[in-house]
Amino acid sequence: MRGSPEVGDLDLVIHGATIVTAEQRRVADVGIRGETIAEIGSVLRGRREIDASGLYLLPGGVDPHVHLSFGDLPMGGDACWTDDFQIGSRAAFAGGITTVGNMTFVHPTETLARGVARETELVAAQAIADVFVHLVLGYPGPSSLDQLAELFGTGQPSLKMFMSAPTFDANFATYFRAMEAVGKAGGIALIHCEDAGCIGCCTNLLTRVGASSIRHFAASRPPASELSAVQRAIALCELTSCPTYIVHLSTEAALGACSEARARGLPLFVETRPMYLHLTQAAYETELAGLFVGQPPLRSASDCEALWAGLFDGRIDTLGSDHAPWRRDTKLAPSHDINTPRPGVADLETMLPMLFSEGVLKRGLALERFVALTSENPARLFGLYPRKGTIQVGSDADLVVWDPKRVRKVEGANMHSQAGYSVYDGTEVTGWPRWTIRRGEVVLSDDGGCHGRVGSGRLVGRRTHEQRVRLPGSSAK
C-alpha cells in the first residue's frame, strides 16, 4: 500500500488488478469513497493506494451458512461451538469473505423478532464482518406463523428448518403452513435435509450390533436418509410455491432429484459444502474419525465427483462453509458416538482458497463461476445484491485482492478459529487473499494481519427473495 500526493476525494484506490465478477473480467482501477465503490476507470488517484498489478480483484465472499452464535443449541447441555462473531469475522477476512449468514437458534420462549433483536445485540458487540441471519424454526407453534410478517419486517426474510430434528415430523402441519407463509411474504426457506426417522432406525440397528463408534457415523446417516428428506423438501416446495434452499447437499442421488425438480420450474436452490468436495468417508476409517464429523456425513468418491460436476454446470448454486467448529479434544472425546456426535468443522478461512486451488487451478473452474458460487449467487438469493456480491459503482466496497500464486500449507493450529485444527491440515493450497476490504476498510493486510474494530460489523437488512431470480451460471429456471 502506498500514499499518493495527488489531491482527490477517493479514500482508497486499487490499481491494475483484473476485476472479476460473475459476468466478466477486465483490468481497471477501482476507487472507493467512504464505504462504497465510487469509480471504476483508469489512472485513479486516492489518499491511499494498493498496487494490485498481476492480481485478481474479486467481490468480497458471501458465506450464506455459518454458526457463530449459540442461542439454544440443538445438541443441548453445555456443548457449544468455539467461534463467536469476532473470531469468525477474522477467519472470514483471512479467507476472502466479508459477509456471513448466521443460523440463529430461537429459544422456546422467544418470539422470532426477539431472536433477531438478540442477534443484533451480539453483532453490535462482537462482529467485524457484516452479518445477516436465518432464524431457525425449532419449536413451531401457531404463534410462529403470526410472527413471520414481523420477522420479515426486520429485514431478515429467511427461515431455517431441520428435517433431522424430532420436532419436524411431530409438527409437520405447522412447518407446512410456515412454508406457505414464508412464500407469500416473499421469503425463502432453508431446509436441512436428513430424515429423522431413517437416522433413528439406522442408529438403533448399529447400536444393537455394537457398531456405535464414530467410525460408523456414515452408516448411521446413509445417502437414502438425505434423498428421502430432499424428496419431501421438493414436495413441500411444489405444494407451497415457497422458494426453497437445500443446505449442504452431499450426494449424487439428492442432486439428481433437485435437478429434475428444477427442470420442472420449481424455485429450488442448492448449496453444497467444502468437505464434500475435498474429503470422502474414508476419513472415518481412522482413529481420528471424530474430527471429520459433520451432518450429513462425508460421502463416497463418486458423490464427490458428482458435486464437482454440479458446481461446473450450474446445478449447484452456492458454496456454504457450515462453519461450526469444535475443539479437537471435544471432537475426539471417547464418550461421543453415533448417538451423541459433535457435528461441525472450521471452514471459513479455507473455503475460498480450497475452491480456488482445486477448482480453478486444477480442474479449470472459470473465475466467473468461482465468483458466482461464492459471492453473487448467495447475495442474489438472500436479498443482498447489488449492495453485496459484485463490483460496480454504488455497491459496498467489499473487495478481495487475490493472489493466484500465493502458496500456503493449511495449519489449523495457526489459523483464526479456536478449533485448533483443520480437516485439511497439511494440504498445500495455491491462491489466497493479499488484502480484504470490508466497506472500504482494509481488514486483512498483506502481512496477514486482521484489522477492524470489534463491533464495526453490521446486521445487514435484506430485500425479499425474488421468486424468479436468475443466478449466473445456474441451471435453475
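If only one of LEU332, LEU311, LEU288 is aliphatic (A, V, I, L, M), out of contact with any strand residue (DSSP E or B) (no Cβ under 7 Å at 6 or more places or on another chain) and under 18 Å from THR427 (Cβ atoms), which one is it? Only one candidate qualifies: LEU288. Considered as a group, the residues in region 212-228 that are in a loop (DSSP other than H, G, I, E, B) and touching a residue at least 40 places away in the same chain (Cβ under 8 Å) include one that is surrounded by the fewest Cβ atoms within 10 Å (Cβ to Cβ), and that residue is SER213. Somewhere in region 145-159, is a residue aliphatic (A, V, I, L, M), under 23 Å from ALA235 (Cβ atoms), in the same structural domain as SER228 (by TED's automatic domain parsing) and more than 21 Å from the chain's Cα centre (by Cα)? Yes, region 145-159 contains a residue that is aliphatic (A, V, I, L, M), under 23 Å from ALA235 (Cβ atoms), in the same structural domain as SER228 (by TED's automatic domain parsing) and more than 21 Å from the chain's Cα centre (by Cα).
Residue count for region 389-418 satisfying the condition of being buried (at least 17 other Cβ atoms within 10 Å of the Cβ), within 23 Å of ALA283 (Cα to Cα) and of a type in the set (A, V, I, L, M): 2. Looking at region 315-421, the helices (runs of 4 or more DSSP H) lying wholly inside it that each contain 2 or more residues that are more than 16 Å from the chain's Cα centre (by Cα) and more than 19 Å from ARG273 (Cβ to Cβ) sit at 328-331, 367-371. Taken over region 120-138, the criterion of being surrounded by 24 or more Cβ atoms within 10 Å (Cβ to Cβ), within 16 Å of LEU159 (Cβ to Cβ) and in contact with a helix residue (DSSP H, G or I) (Cβ under 9 Å, 6 or more places away or on another chain) is satisfied by VAL133, LEU135, LEU137. For GLU110, the requirement of being free of Cβ contacts under 8 Å to residues at least 60 places away in the same chain, surrounded by fewer than 24 Cβ atoms within 10 Å (Cβ to Cβ) and not assigned by TED's automatic domain parsing to the domain that holds ILE437 is met. If you go through region 7-54 and pick out every residue that is farther than 18 Å from ASP403 by Cβ, within 30 Å of the chain's Cα centre (by Cα) and basic (Lys, Arg), you end up with 2.
Among the residues of region 296-310, those that are buried (at least 20 other Cβ atoms within 10 Å of the Cβ) and not in a helix (DSSP H, G or I) comprise PRO296, PRO297, LEU298, ARG299.
Exactly one residue out of GLN24, GLN86 is surrounded by fewer than 22 Cβ atoms within 10 Å (Cβ to Cβ), within 20 Å of GLY320 (Cα to Cα) and not β-branched (Val, Ile, Thr): that is GLN86.
What number of residues within region 311-331 satisfy the criterion of being buried (at least 19 other Cβ atoms within 10 Å of the Cβ) and either at pLDDT below 95 or on the phi < 0 side of the Ramachandran plot (or both)? Looking only at that region, the number is 13.
Going through region 285-329 one residue at a time, which ones are more than 28 Å from ALA366 (Cα to Cα) and either outside the structural domain of ARG262 (by TED's automatic domain parsing) or in contact with a Gly (Cβ under 9 Å, 6 or more places away or on another chain) (or both)? Scanning region 285-329 gives VAL293, GLY294, GLN295, ALA324, PRO325, TRP326, ARG327, ARG328, ASP329. Enumerate the pairs (first residue in region 250-262 and within 20 Å of ALA301 (Cβ to Cβ); second residue anywhere and acidic (Asp, Glu) and assigned to a helix (DSSP H, G or I)) with beta-carbon separation below 6 Å, excluding pairs fewer than 6 apart on the same chain, so at least 6 apart or on different chains. Listed by first residue and then by second, the contacts come to THR251/GLU226; THR251/ASP303; GLU252/ASP303; ALA254/GLU226. Is it the case that GLY8 is small (Gly, Ala, Ser), assigned by TED's automatic domain parsing to the domain that holds ARG342 and at pLDDT below 95? No: the conditions fail for GLY8.
For beta carbons closer than 7 Å, sequence separation of 6+ or different chains, a first residue in region 193-206 that is in contact (Cβ under 8 Å) with a residue 40 or more places away in the chain and a second that is part of a helix (DSSP H, G or I) and not aliphatic (A, V, I, L, M), the qualifying pairs are CYS193/GLU226; GLU194/SER225; GLU194/GLU226; THR203/SER220; LEU206/HIS216; LEU206/SER220. If the condition is being assigned to a loop (DSSP other than H, G, I, E, B), surrounded by fewer than 20 Cβ atoms within 10 Å (Cβ to Cβ) and either modelled with pLDDT of 95 or more or under 20 Å from the mean Cα position of the chain (by Cα) (or both), then region 424-449 contributes ASP425, GLY426, THR427, GLY440, SER445. Of the set (1) in contact with a strand residue (DSSP E or B) (Cβ under 7 Å, 6 or more places away or on another chain); (2) outside the structural domain of ALA94 (by TED's automatic domain parsing); (3) surrounded by 20 or more Cβ atoms within 10 Å (Cβ to Cβ), all apply to TYR421 but (1). Evaluate region 107-116: report whether one residue or more is under 22 Å from GLU376 (Cα atoms) and not charged (D, E, K, R). Checked against the condition, which is being under 22 Å from GLU376 (Cα atoms) and not charged (D, E, K, R), region 107-116 yields no hits at all.
Here's the yes/no breakdown for (1) closer than 30 Å to ALA185 by Cβ; (2) assigned by TED's automatic domain parsing to the domain that holds LYS331; (3) of a type in the set (Lys, Arg):
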| position | (1), (2), (3) |
| --- | --- |
| LEU399 | no, no, no |
| MET415 | no, no, no |
| ILE437 | no, no, no |
| GLY449 | no, no, no |
| ARG453 | no, no, yes |
| SER474 | yes, no, no |
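If you check ALA346, ALA372, which single one turns out to be touching a helix residue (DSSP H, G or I) at 6+ places or on another chain (Cβ under 8 Å), among the small types (Gly, Ala, Ser) and modelled with pLDDT of 95 or more? Only one candidate passes the filter, namely ALA346.
Annotation: of all residues in region 229-272 being surrounded by fewer than 23 Cβ atoms within 10 Å (Cβ to Cβ) and of a type in the set (S, T, N, Q), the one that is farthest from VAL136 (Cα to Cα) is SER259.
The values are calculated or read from the model by the stated rules, or taken from the named source; none is laboratory data. The shown structure was predicted, so the numbers you read here are calculated from the model rather than taken from an experiment. Here the Cβ is made from the backbone with ideal geometry for all residues, glycine too, and neighbour counts use every protein chain on show.
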